[in-house]
1. Estimate the FRET efficiency between Ala24 and Ser490 by the formula 1/(1 + (r/R0)^6), using the beta-carbon distance for r and 22 Å for R0, to the nearest 0.05.
2. Find the accessible area per residue for the chain; the probe is 1.4 Å, ligands and nucleic acids are left out, and the unit is Å².
3. Can you tell me which of 335-343, 183-191 comes out highest on packing, and rank the rest after it, using the mean Cβ neighbours within 10 Å?
4. Starting from the 7 Å offset along Cα-to-Cβ, what nm value, one decimal, do you get for the label separation of Ala375 and Ala196?
5. How many nm is it between the label spots at Ser316 and Arg178, if each spot is 7 Å from the Cα in line with the beta carbon?
6. Using only Cα atoms, tell me the angle between helix 305-314 and the longest principal axis of the chain; keep it within 0 to 90° and round to the nearest 10.
7. Each residue of the stretch 154-164 in turn: what ³J(HN,Hα) in whole Hz from Karplus with 6.51, -1.76, 1.60 and θ = phi - 60°, glycine and Pro shown as x?
8. At a 1.4 Å probe, what is the % contribution of carbon and sulfur to the accessible area of the stretch 75-170?
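The values are calculated or read from the model by the stated rules, or taken from the named source; none is laboratory data. If you're wondering where the values come from, they're calculated on a predicted model, not measured in any experiment. Cβ sites come from the backbone with ideal geometry, for glycine too, and all protein chains shown count toward neighbours. Just the protein is used for accessible areas: all its heavy atoms, side chains included, with ligands, DNA and RNA removed. Shrake-Rupley method; radii C 1.70, N 1.55, O 1.52, S 1.80 Å.
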Amino acid sequence: MVYTTEMEIRMSDVPSRSDAADLAQFGYTQSLERRTGKFASFAVAFAFVSIATGIFTTYGAVLNSSGPVGIWTWPIAVVGQLAVAFVLGALASRIPVTGYHYQWMSRLANPILGWIIGWISFTFLAVVVCAVDYTIASTILPVLLNYESTPTIAWMMTAGVLAIQALLVAFSTPWAERVNNSLVTLELIGMVALTALLLVVAAVRGDMDFSNLFSKGAIPSEGFWSFGDWTSAGPWMLGFLLGAFTIVGFESAANLAEETHDPERVVPRAMWQAVLASGVLGFVFLIAVTLAAGDPVALAESGTPIADVIDKTLGSVVATLLLLMVVLAIFACGLVIMITGVRLTWAMSRDERFPGWQQWSQISPRFRTPMKATAVYFCLAQLILAIFAHSETALFTLFGAATLLPAVMYASTVVLYLIKRRDLPTNGKFDLGAWEIPILVVAIVWLAFELALFRDAAFKEAWLYVLVMVAIGAAYLAYLLIRRGKQALSMPDMHSIDAELRE
């Protein structure tokens, strides 16, 4: 009986003929194990978004740039990102292959543009994992453990967190998913319970101040609602960065398409469900915190305003539990980012497009993971961390780049979908139908507006980082074109779409 069970487990790890046949349509053989189910796919998308991480990190910045009334930018950002999620879901359903933006652009535009967007995606994933993990060491653990942080301590602790995440990703995808599933479940339960407690206790004590919902705090009223000028965004407009930074990465579920059962159906749903769940729960939590904030001007001076509100309303024990939950949520977010970055590195290496691809395209025969791709991604993240670790503006620069880059990726991919949508075949599993044009309009308007926010001079260093990374990528792309020629960059055959385009 034990023998039969072991055999069943082993057989379940082997890709089915249907899985292998589906992937073969895109020119690849099955080399990763398909283990990811519906909840695990949702958990990947939800963990990357991580409202606990995003709101805890950026709420103070919103108070200082837009005042408490800045939280009303959140639902607008949610609607915009939800439209983007639907569009990307339609692409993910038709091209369920690891590599997401890189695959979509390469196959529907051309391999050169695909490589560029793939490199931009990689630079985003390399910097955002540092930005997220750095938050644990620089702003949360010092409060939780009551010590004074220094750049060196924050650097060393962040490096340690990155190492733990890399070990999980390198040695066991099932364990990485189990950890993420557990932490996402904890975050969902914790955020719901925390929001309910805040609303109930603040109401019973009479601590709710509804005027906070419409307060500008210490921000001058003059020009508050303006769009801004050529080099700066208006105060309320900067509040959109709260949603723009937080509600990103939902398409990470698409980067595990080759490890997901029925990815054409599961991945798109995981993406929009993660955005919707994060948007609704996040906004109710923002309202609860703002109602119980007390004096918003004084709160804006705190480095951990969310924890301060929880401490004042629910006590130090609950505030400590909140900080612990945020640490775990941030760890899950960084873990999923690393999984996504490693898969992209492996996918581009499989197509011989990434520097050193001969090594990074390998799958560990023992652990069935892209172990070497994990190693190179981890090393690059550590390098980026070392460069920024001793800068006083390191955290803002990292967050700025981590907000700017996905906006560029989303805009490029949505425009691609707009151009190619009539050529895409349908599979009957996920389709926008009659809502396609309205959703595209909302997505394009939102992304154009979001990109316009980054003209603000505060993002100068973030733009500099982006330009440096793009320049490095451009140099390597030129090397590829000179050495191998344009034809050598063609993608593997993809019958399901190529045949459709030829008709």
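1. So, using R0 = 22 Å, E works out to roughly 0.80.
2. Counting only protein heavy atoms, the per-residue value for the chain is 40 Å².
3. 335-343, 183-191
4. 4.9
5. So the two model labels end up 3.7 nm from each other.
6. 60
7. So the J values, rounded to whole Hz, are 4, 4, 5, 5, 5, 4, x, 4, 4, 5, 4.
8. 76
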